[in-house]
1. What are the pairs, 6+ residues apart or on separate chains, where a residue within the stretch 93-114 that is more than 25 Å from Asn70 (Cβ to Cβ) has its Cβ under 8 Å from a residue that is within 14 Å of the ligand (Cβ to nearest atom) and not polar (S, T, N, Q)?
2. Exposed (fewer than 11 other Cβ atoms within 10 Å of the Cβ), within 16 Å of the ligand (Cβ to nearest atom) and modelled with pLDDT of 95 or more - does that describe any residue in the stretch 108-130?
3. Would you check if Asp41 is charged (D, E, K, R), surrounded by fewer than 18 Cβ atoms within 10 Å (Cβ to Cβ), within 18 Å of Gln112 (Cβ to Cβ) and within 14 Å of the ligand (Cβ to nearest atom)?
4. Mind checking which residues of the stretch 34-77 are more than 15 Å from Glu120 (Cα to Cα), in contact with a strand residue (DSSP E or B) (Cβ under 7 Å, 6 or more places away or on another chain) and of a type in the set (Ser, Thr, Tyr)?
5. Go through the stretch 65-85 and give me each residue that's buried (at least 17 other Cβ atoms within 10 Å of the Cβ), modelled with pLDDT of 95 or more and not in a strand (DSSP E or B).
6. Filter the stretch 93-107 down to the residues that are away from the ligand (no atom under 13 Å from the Cβ) and either of a type in the set (Asp, Glu) or assigned to a strand (DSSP E or B) (or both), then identify the one that is nearest to Gly28 (Cα to Cα).
7. What residue, of Gly71, Gly90, Gly55, Gly85, is away from the ligand (no atom under 16 Å from the Cβ) and not aromatic (Phe, Trp, Tyr)?
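The values are calculated or read from the model by the stated rules, or taken from the named source; none is laboratory data. Everything numeric in this text was worked out from a predicted model, so none of it was measured. Because the Cβ atoms are built from the backbone with ideal geometry, glycine has one as well, and the counts that use them run over all protein chains shown.
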Amino acid sequence: MKMRTRFSTVLLCCLLTVCESSPSSVRGIAGQDVTLSCTYDIIKHGSSWVCWVRGALPMIGCGLQIAKTNGVSVTEESDRYKLLGRLEDGNVSLTILNARKEDAGVYGCRVQVPGPFNDEKHSIELIIMDGENVIPSVFCQIVIQYKCRINGHLY
Ligand SMILES: *[C@@H]1O[C@H](CO)[C@@H](O)[C@H](O)[C@H]1NC(C)=O
């Protein structure tokens, strides 16, 4: 009995894997177009109003939207913010033409689904890299840590 208890405390190994890959972050290159993807299930929801904002989405509505669609046609866009996806497929992705450093930051896509608190909200962080020196991006950082405790000693 005493032996068993001791054995279980003798060896303790931890394997810790941290993977920092954020699916909601997009990398663009200065001077090129970049698309922030946003889609919704048009078969389930039907054609829906969708708006894009710069920064965090407000609790309700869209605030200062940079692009908007009623689900059938584009109702608001600008010289640089375009909705080029197939709206009929529920693709309401935002394309920023000729991206600049200042475009970096958070963008929000809100799909207005009828009913209280049903809206689908997506938040995407845009990272803009210099066109000249594009460093191969490391999307995943793996940190592996081993800790072994044998007879109370950490190795
Ligand atoms: C949505 O449209 C954008 C812009 O045309 C395109 O880049 C993207 O691949 C489309 N996404 C899907 C899921 O079809």
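1. Correct list of pairs: Asn98/Asp33; Ala99/Gly28; Ala99/Asp33; Ala99/Val34; Asp103/Gly28; Asp103/Val34; Asp103/Ile96.
2. Taking every residue of the stretch 108-130 in turn, none turns out to be exposed (fewer than 11 other Cβ atoms within 10 Å of the Cβ), within 16 Å of the ligand (Cβ to nearest atom) and modelled with pLDDT of 95 or more.
3. Details: charged (D, E, K, R): yes; surrounded by fewer than 18 Cβ atoms within 10 Å (Cβ to Cβ): yes; within 18 Å of Gln112 (Cβ to Cβ): yes; within 14 Å of the ligand (Cβ to nearest atom): yes.
Against the criterion (charged (D, E, K, R), surrounded by fewer than 18 Cβ atoms within 10 Å (Cβ to Cβ), within 18 Å of Gln112 (Cβ to Cβ) and within 14 Å of the ligand (Cβ to nearest atom)), Asp41 qualifies.
4. Thr35, Thr75
5. Gly71, Gly85
6. First, the residues of the stretch 93-107 that are away from the ligand (no atom under 13 Å from the Cβ): 98-107.
Filter again for either of a type in the set (Asp, Glu) or assigned to a strand (DSSP E or B) (or both), leaving 102-103, 105-107.
Details: Glu102: 12, Asp103: 10, Gly105: 11, Val106: 13, Tyr107: 13 Å.
Here the answer is Asp103.
7. Working: Gly71 fails: away from the ligand (no atom under 16 Å from the Cβ); Gly90 fails: away from the ligand (no atom under 16 Å from the Cβ); Gly85 fails: away from the ligand (no atom under 16 Å from the Cβ).
Criteria check complete, one pass: Gly55.
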